[in-house]
Amino acid sequence: HEMLSDLQKQEGGEEIASFLPNGNGFVILKPKIFAETIMPKYFRMNHFSSFQRQLNLYEFQRIKEGPDRGAYQHELFVQSKPELCKSMKRVKIKGDKTS
């Protein structure tokens with residue numbers, strides 16, 4: 001949430017990743033640039049596929065059709081309500097002691 005808010009303030013940031021116009025999700029528009037320049041600042045990973053895996057573990061849904069195709073959404077990830085993110089839970093993976 002913080003990352004997307006910060007990107008909105010940067011010149012050209014919304015061309016890399018941004019909230020959807022309705023605020024109920026986000027889209028990564030330039031995955032390569034996102035992985036190389038944005039991810040290292042906010043996450044302990046540097047592969048876009050690892051980021052996508054984490055989204056899946058937090059139960060984000062990828063939008064498969066319509067004008068927001070390719071974006072991610074979660075009922076607790078709303079632009080105007082960042083406090084909701086605190087209620088998000090990571091799905092436990094069998095055999096993973098870090099979950």
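Would you mind telling me the share, in percent, of accessible area of the chain contributed by carbon and sulfur at probe 1.4 angstrom?
After summing per-atom areas, the C and S share lands at 48 percent.
Rolling a 1.4 angstrom probe over the protein chains, ignoring ligands and nucleic acids, what is the accessible area of Glu65 in square angstrom, nearest 10?
For Glu65, the solvent-accessible surface is approximately 150 Å².
So for the chain, considering every pair of alpha-carbon atoms, how many percent are separated by more than 25 Å?
Every Cα pair in the chain considered, those over 25 Å come to 16 percent.
With every protein chain left in place and a probe of 1.4 Å, what is the accessible surface of Ile93, to the nearest 10 Å²?
50 Å²
Relative contact order of the chain, please, whole-number percent, based on alpha carbon pairs below 8 angstrom and at least 6 residues apart.
24 percent
Roughly speaking, what is the stretch gain from Glu59 to Glu75, that is 0.36 nm per residue apart minus the C-alpha to C-alpha distance, in nm to one decimal?
Result: 4.8 nm gained on full extension.
In whole Hz, with x marking every Gly and Pro, tabulate ³J(HN,Hα) for segment 21-35 from phi via Karplus 6.51 cos²θ - 1.76 cosθ + 1.60, θ = phi - 60°.
Values, residue by residue: x, 7, x, 9, x, 8, 9, 9, 8, 10, x, 5, 5, 4, 5 Hz.
Using a 1.4 angstrom probe, figure out how much accessible area the chain has per residue, in square angstrom, rounded to the nearest whole.
70 Å²
Read phi for every residue in segment 4-13 and hand back ³J(HN,Hα) as whole Hz from Karplus 6.51 cos²θ - 1.76 cosθ + 1.60, θ = phi - 60°, with x for Gly and Pro.
Result, ordered by residue: 5, 5, 5, 4, 4, 7, 7, 5, x, x Hz.
If each residue of separation counts as 0.36 nm, what is the full-extension length gain between Lys32 and Glu2 once their alpha-carbon separation is subtracted?
Working: separation 30, 0.36 × 30 = 10.80 nm, distance 1.99 nm.
Taking 0.36 nm per residue and subtracting the Cα distance, the gain is 8.8 nm.
The values are calculated or read from the model by the stated rules, or taken from the named source; none is laboratory data. No experiment lies behind these values; they were computed from the predicted model shown. In case anyone asks, the SASA skips ligands and DNA or RNA and just uses the protein heavy atoms, side chains included. Shrake-Rupley method; radii C 1.70, N 1.55, O 1.52, S 1.80 Å.
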